[in-house]
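The values are calculated or read from the model by the stated rules, or taken from the named source; none is laboratory data. Please read these numbers as outputs of a predicted model, since none were measured by experiment. Neighbour counts run over all protein chains shown; Cβ positions are idealised from the backbone, glycine included.
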Amino acid sequence: MAEPGGWRPPNELPEVAFSGRSNVGKSSLINRLVRRKALARVSQTPGKTREINFFRVNDAFTLVDLPGYGFARVSKGMRAQWRPLIETYLERSEPLRGVVQLIDSRHPPTKDDFQMLDFLASLGAPTIVALTKMDKLSRREAATRPAELARELGLDEDQLIPFSSVTGEGRDELASAIVSLIEQPAWRDGDA
Ligand code: GTP
Ligand code: MG
């Protein structure tokens with residue numbers, strides 16, 4: 001999907017979307033999750049993914065790779081286009097069951113991260129938070145960062161899933177959490 005309200009696959013299968021700032025590791029996480037090297041394209045240049053990509057898995061569900069937000073080096077005009085694309089998709093996608101919000105484990109959450117979490121909360125969308133690039137932390141940091149980030153985000157530590165696309169840490173836990181989302185009815189059912 002390249003523009004708000006543009007082409008999307010038919011609403012046949014439940015969807016789970018992956019959201020996060022540019023370069024946080026969305027495409028890498030999707031590849032690790034489905035155990036494929038290059039289903040979703042991993043960008044050498046941050047900010048490359050400008051459209052929404054839909055990946056049908058086992059004819060059972062669809063994983064939705066959202067464009068990364070908050071990349072400083074793209075023009076204001078480009079950023080102004082992404083936001084409606086992401087927001088319109090999240091507001092309108094009937095088969096959407098929930099969102100995996102990715103946060104870089106190494107850094108404090110950004111203003112954009114907080115805005116996205118607020119937006120998801122305002123929609124009532126079931127949300128899982130994955131902490132990416134855990135392999136880049138020292139052993140000591142890996143032990144303490146999840147609790148720190150939980151505090152900064154105002155969440156319980158058990159709502160966060162530490163993850164690494166390099167080592168596979170968190171892959172099975174995230175997969176189970178996603179299966180639970182998919183098995184629930186869409187939270188908006190009955191609204192329309
Ligand atoms: P956009 O599509 O630009 O929004 O980026 P993205 O969020 O899809 O990130 P992507 O998966 O393309 O990864 C960005 C960079 O981070 C790449 O160089 C990846 O190899 C690297 N990367 C992603 N996940 C991990 C991880 O768990 N550990 C390490 N060490 N590097 C990672
Ligand atoms: Mg990507």
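Laid out as a table, the results:
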| item | result |
| --- | --- |
| Evaluation of Asp112 against (1) touching a strand residue (DSSP E or B) at 6+ places or on another chain (Cβ under 6 Å); (2) at pLDDT 95 or above (one fails), failing number | (2) |
| Residue within segment 153-166 that is at pLDDT 95 or above and of a type in the set (Asp, Glu) present | no |
| Extreme residue, nearest to ligand 1 (Cβ to nearest atom), among residues of segment 115-132 that are touching a strand residue (DSSP E or B) at 6+ places or on another chain (Cβ under 6 Å) and over 20 Å from Trp82 (Cα atoms) | Thr132 |
| Of all residues in segment 167-188 being assigned to a loop (DSSP other than H, G, I, E, B) and of a type in the set (A, V, I, L, M, F, W, C), the one that is farthest from Pro14 (Cα to Cα) | Trp187 |
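Residues are listed down the side, and each one gets a yes or a no for (1) free of Cβ contacts under 8 Å to residues at least 12 places away in the same chain; (2) over 21 Å from Ser28 (Cβ atoms); (3) in contact with a helix residue (DSSP H, G or I) (Cβ under 6 Å, 6 or more places away or on another chain):
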{"site": "Lys133", "(1), (2), (3)": "no, no, no"}
{"site": "Glu148", "(1), (2), (3)": "yes, yes, no"}
{"site": "Glu152", "(1), (2), (3)": "no, yes, no"}
{"site": "Gln159", "(1), (2), (3)": "no, yes, no"}
{"site": "Val166", "(1), (2), (3)": "no, no, yes"}
{"site": "Asp172", "(1), (2), (3)": "yes, no, no"}
{"site": "Glu183", "(1), (2), (3)": "yes, yes, no"}
